Amino acid sequence: MNQTIHNLITEQLTSWETARNNYEALSTVKVKELNVNGVPYKVQFNPARIVSSGAKVDAKTIQERKCFLCPANLPPVQKGVPFKEHYNILVNPFPIFPRHLTIPEQAHVDQRIASRMVDMLDLAQALTDYVIFYNGPKCGASAPDHAHFQAGNKGFLPIEKDWRNQLAEKVADYQNATLWYMNDAPRATLVIESSSKEDAAHLFEIIYRSLEVKPGEEEPMMNVLALYEDEKWVVFVFPREKHRPACYTAEGEANLLSSPASVDLGGVFITPVEKDFLKITAEDIAQILSEVCVDEQAFEQIRKRIQEQI
Ligand SMILES: [Zn+2]
């Protein structure tokens with residue numbers, strides 16, 4: 001599957017001008033590194049991502065726009081590779097990663113994770129060169145009405161390599177799976193490590209049930225990253241408190257266009273506006289994380305509820 005996707009990317013970058021231009025622009029993108037309480041983060045200045053960071057995802061806007069993930073609305077030049085018969089692996093034309101995929105469900109159905117965790121684990125196992133990610137409908141997904149995953153090449157997100165050094169404690173064991181949490185406040189991170197797909201999926205279900213569902217929402221707010229290596233799945237779950245930080249809508253100098261999603265929580269903050277890239281500090285990232293992630297007290301309660309169910 002890695003080779004098939006490699007061929008898809010090569011073909012699309014030859015035949016699709018928009019994608020080619022955006023991937024070429026990515027090679028000159030500016031990056032800076034910041035340290036937030038001992039956890040390394042990168043900041044990427046990526047103007048093309050305004051389409052996502054600046055996306056209006058209110059019900060009215062979503063209803064009135066033409067869904068860009070529906071097969072009927074894809075540009076004719078965009079080609080896909082089917083996965084499990086009902087997903088379509090596509091090249092993301094607005095990349096953050098040097099190799100960036102969008103993996104929509106064929107049908108136009110709402111973005112939900114509960115019934116799709118096994119699909120996510122299957123994708124991670126099939127695409128071993130990639131990290132698979134899921135953004136909840138109010139946690140960075142720019143198509144909350146059309147179920148999809150994304151994938152980015154490994155070796156890009158700091159959390160991939162750093163998590164073992166930042167483990168706080170084990171939360172629980174479940175058969176062939178272990179659940180940890182990280183010492184990375186103000187981010188709050190649970191990590192499933194499992195040699196069994198079923199056990200990883202079961203642990204995820206327990207986490208899901210332990211998270212609060214906000215009024216008017218249909219699933220707990222979260223971002224999820226999954227990867228497969230050394231015959232094990234590693235799944236990062238970031239329970240969320242809020243969609244966008246106060247600075248997103250702040251006036252004047254306080255304004256900072258940051259709409260955190262899986263990639264940001266994985267350690268690469270995306271700033272589509274250059275002035276934000278230049279001014280953002282480790283303190284700003286800590287402030288944003290403290291608003292959008294669950295606080296330490298809520299995180300402790302979540303871990304307790306998980307333990308009670310195992
Ligand atoms: Zn759609």
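Scanning the stretch 63-86 for residues that are in contact with a Ser or Thr (Cβ under 9 Å, 6 or more places away or on another chain) and within 14 Å of the ligand (Cβ to nearest atom) gives Phe68, Leu69. Could you say which residue among Arg244, Arg240 is modelled with pLDDT of 95 or more and of a type in the set (Lys, Arg)? Of the residues listed, the single one that is modelled with pLDDT of 95 or more and of a type in the set (Lys, Arg) is Arg240.
Considered as a group, the residues in the stretch 115-140 that are within 16 Å of the ligand (Cβ to nearest atom) and within 13 Å of the chain's Cα centre (by Cα) include one that is nearest to Val31 (Cα to Cα), and that residue is Asn135. Within the stretch 99-117, identify whether any single residue is buried (at least 20 other Cβ atoms within 10 Å of the Cβ), of a type in the set (S, T, N, Q) and under 13 Å from Phe236 (Cα atoms), and answer yes or no. No - not one qualifying residue is present in the stretch 99-117.
Pairs meeting the criteria (first residue in the stretch 104-131 and assigned to a loop (DSSP other than H, G, I, E, B) and hydroxyl-bearing (Ser, Thr, Tyr), second residue modelled with pLDDT of 95 or more and crowded, with 19+ Cβ neighbours inside 10 Å, beta carbons under 9 Å, at least 6 apart or on different chains) are Thr128/Leu227; Thr128/Tyr228. The set of residues in the stretch 212-243 being hydrophobic (A, V, I, L, M, F, W, C), assigned to a loop (DSSP other than H, G, I, E, B) and crowded, with 21+ Cβ neighbours inside 10 Å consists of Met221 alone.
Note on the stretch 156-177: residues that are within 22 Å of Tyr130 (Cα to Cα), without any contact (Cβ under 8 Å) to a residue 40 or more places away in the chain and in contact with a Leu (Cβ under 9 Å, 6 or more places away or on another chain) amount to 1. Selection of the stretch 260-285 for residues being among the charged types (D, E, K, R) and either surrounded by fewer than 24 Cβ atoms within 10 Å (Cβ to Cβ) or more than 26 Å from Leu101 (Cβ to Cβ) (or both) yields Glu274, Lys275, Asp276, Lys279, Glu283, Asp284. Does Ala143 count as touching a Phe, Trp or Tyr at 6+ places or on another chain (Cβ under 7 Å), within 16 Å of the ligand (Cβ to nearest atom) and assigned to a loop (DSSP other than H, G, I, E, B)? Judged against the criteria, Ala143 is a match.
When the stretch 45-56 is filtered for residues that are under 19 Å from Ala250 (Cβ atoms) and touching a residue at least 24 places away in the same chain (Cβ under 8 Å), the ones remaining, listed by number, are Ile50, Ser53, Gly54, Ala55.
Here the stretch 146-166 is the region considered, the condition is being aliphatic (A, V, I, L, M) and closer than 24 Å to Val36 by Cα, and the residue that is nearest to the ligand (Cβ to nearest atom) is Leu157. Determine, yes or no, whether Trp180 is in a helix (DSSP H, G or I), modelled with pLDDT of 95 or more and not charged (D, E, K, R). Answer is no for this residue. The residue of the stretch 88-98 that is nearest to the ligand (Cβ to nearest atom), among those that are surrounded by 16 or more Cβ atoms within 10 Å (Cβ to Cβ) and more than 14 Å from Ala143 (Cβ to Cβ), is Ile89. Just wondering, is there one or more residues in the stretch 244-263 that are closer than 30 Å to Val118 by Cβ, in a loop (DSSP other than H, G, I, E, B) and touching a helix residue (DSSP H, G or I) at 6+ places or on another chain (Cβ under 6 Å)? The answer is yes, given that some residue of the stretch 244-263 is closer than 30 Å to Val118 by Cβ, in a loop (DSSP other than H, G, I, E, B) and touching a helix residue (DSSP H, G or I) at 6+ places or on another chain (Cβ under 6 Å).
The values are calculated or read from the model by the stated rules, or taken from the named source; none is laboratory data. As the structure is a prediction and not an experimental result, all values here were calculated from the model. A quick note on method: Cβ atoms are made from the backbone with ideal geometry, for glycine too, and the neighbour counts reach across all protein chains shown.
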